[in-house]
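The values are calculated or read from the model by the stated rules, or taken from the named source; none is laboratory data. What you are looking at is a predicted structure, and each value in this text was computed from that prediction instead of being measured. A quick note on method: Cβ atoms are made from the backbone with ideal geometry, for glycine too, and the neighbour counts reach across all protein chains shown.
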Amino acid sequence: MNLNIVPAKTGALWVRQGIRTFWRQPLAMTGLFFLFMATISLVSLLPIGGSAIALALLPSLTLGMMAATQTATEARFPMPATLFLALKPGPRRGPMLQLGAAYAGGFALVMAASMLVDGGTFARIYLGGESASPEVLGSEAFQSAVWVSMLLYVPLSMMFWHAPALVYWHGVSPVKSLFFSWMACWRNLKAFIVYLLVWSMVFMGAGMVALLVSSLLGNPQLLTAVLMPLVLMVAAMFFTSMLFTVRDCFTALPHPIEPV
């Protein structure tokens, strides 16, 4: 397995590849993304450890979205079971669950750091859905907690960005996968900055389209009804693009993917 260094413009290419692949199987990729979100939401509702279990499942489900993207690039229809590929019995399930536990632990540390700033207000709102007044949301302590969480989540995201694919497809140990993922993101930081900037513009474009449609129809209340499906569809495209970032940062993924 070799780490590749790509030019900054590759970030825009990843976005285009993700969008193009999404439209090859739009119903399948949209449905799988909804299933992804529904699974995380339902698991998080478990009375004991629901939030932690949901966080621990994220790397495995992200791998499932990458596998679905690979299937779509081969002009095949990804089935719902593809999303849970990494959770099937086999030699990779244990390492993937270990990776998930590490992600849940890392996220808990991020939330713990935010608690030191505002006493846990941001964590309760973010994780527990607790309501908050505009005064609380605008307070200096709350805003500081938000910034601390965002700054700490960046390195966490870098460590786990490529890790699911490295563990499942390349057989890398969970600990080593975090190091390799970090190095891939760091060495290709310019490409990832372009990638995130382009996706930000795509999301903003979706918001402008929703605003334009609601204005043309003369009903501002339609804004949410138009915006939410658009944002979710763009989010599905974003997840579709993740496979291409792994492909270009490392050697080609092994084939074929397990049939489901």
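Counting only helices (runs of 4 or more DSSP H) wholly contained in region 7-74, the ones carrying 3 or more residues that are surrounded by fewer than 22 Cβ atoms within 10 Å (Cβ to Cβ) and at pLDDT below 95 occupy 26-44, 50-73.
Pairing residues of region 184-203 that are part of a loop (DSSP other than H, G, I, E, B) with residues that are among the hydrophobic types (A, V, I, L, M, F, W, C) and exposed (fewer than 15 other Cβ atoms within 10 Å of the Cβ), at Cβ distances under 8 Å and at least 6 apart in sequence or on separate chains, gives ASN188/ILE5.
Quick one: is VAL146 among the β-branched types (Val, Ile, Thr) and in a helix (DSSP H, G or I)? Please lay out each step first, then the result.
Details: among the β-branched types (Val, Ile, Thr): yes; in a helix (DSSP H, G or I): yes.
Spelling it out, VAL146 is indeed among the β-branched types (Val, Ile, Thr) and in a helix (DSSP H, G or I).
Picking from residues in region 226-252 that are more than 20 Å from ARG20 (Cα to Cα) and touching a helix residue (DSSP H, G or I) at 6+ places or on another chain (Cβ under 8 Å), the one that is modelled with the highest pLDDT is PHE250.
When the residues of region 101-155 are filtered to those that are out of contact with any helix residue (DSSP H, G or I) (no Cβ under 6 Å at 6 or more places or on another chain) and among the polar types (S, T, N, Q), the one that is nearest to ILE53 (Cα to Cα) is SER131.
Of the residues that make up region 163-176, is at least one touching a helix residue (DSSP H, G or I) at 6+ places or on another chain (Cβ under 8 Å), in a helix (DSSP H, G or I), among the aromatic types (Phe, Trp, Tyr) and surrounded by fewer than 19 Cβ atoms within 10 Å (Cβ to Cβ)? No, because not a single residue in region 163-176 is touching a helix residue (DSSP H, G or I) at 6+ places or on another chain (Cβ under 8 Å), in a helix (DSSP H, G or I), among the aromatic types (Phe, Trp, Tyr) and surrounded by fewer than 19 Cβ atoms within 10 Å (Cβ to Cβ). Scanning region 77-92 for residues that are charged (D, E, K, R) and loosely packed, with under 15 Cβ neighbours inside 10 Å turns up just one, LYS88. Restrict the check to region 143-158 and report whether at least one residue is of a type outside the set (Gly, Ala, Ser) and over 27 Å from LEU116 (Cα atoms). No, every residue in region 143-158 fails to be of a type outside the set (Gly, Ala, Ser) and over 27 Å from LEU116 (Cα atoms). Against the test of being among the aliphatic types (A, V, I, L, M) and in contact (Cβ under 8 Å) with a residue 12 or more places away in the chain, the options VAL154, VAL136 yield a single qualifying residue, VAL136.
One line per residue, one yes/no per condition, for (1) farther than 28 Å from PRO7 by Cα; (2) in contact with a strand residue (DSSP E or B) (Cβ under 6 Å, 6 or more places away or on another chain); (3) of a type in the set (A, V, I, L, M, F, W, C):
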residue	(1), (2), (3)
LEU116	yes, no, yes
ALA123	yes, no, yes
GLN143	yes, no, no
VAL148	yes, no, yes
HIS162	no, no, no
VAL167	no, no, yes
HIS170	no, no, no
LYS176	no, no, no
LEU189	no, no, yes
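If you filter region 107-125 down to residues that are surrounded by fewer than 15 Cβ atoms within 10 Å (Cβ to Cβ) and in a helix (DSSP H, G or I), you find that the one that is nearest to the chain's Cα centre (by Cα) is LEU109.
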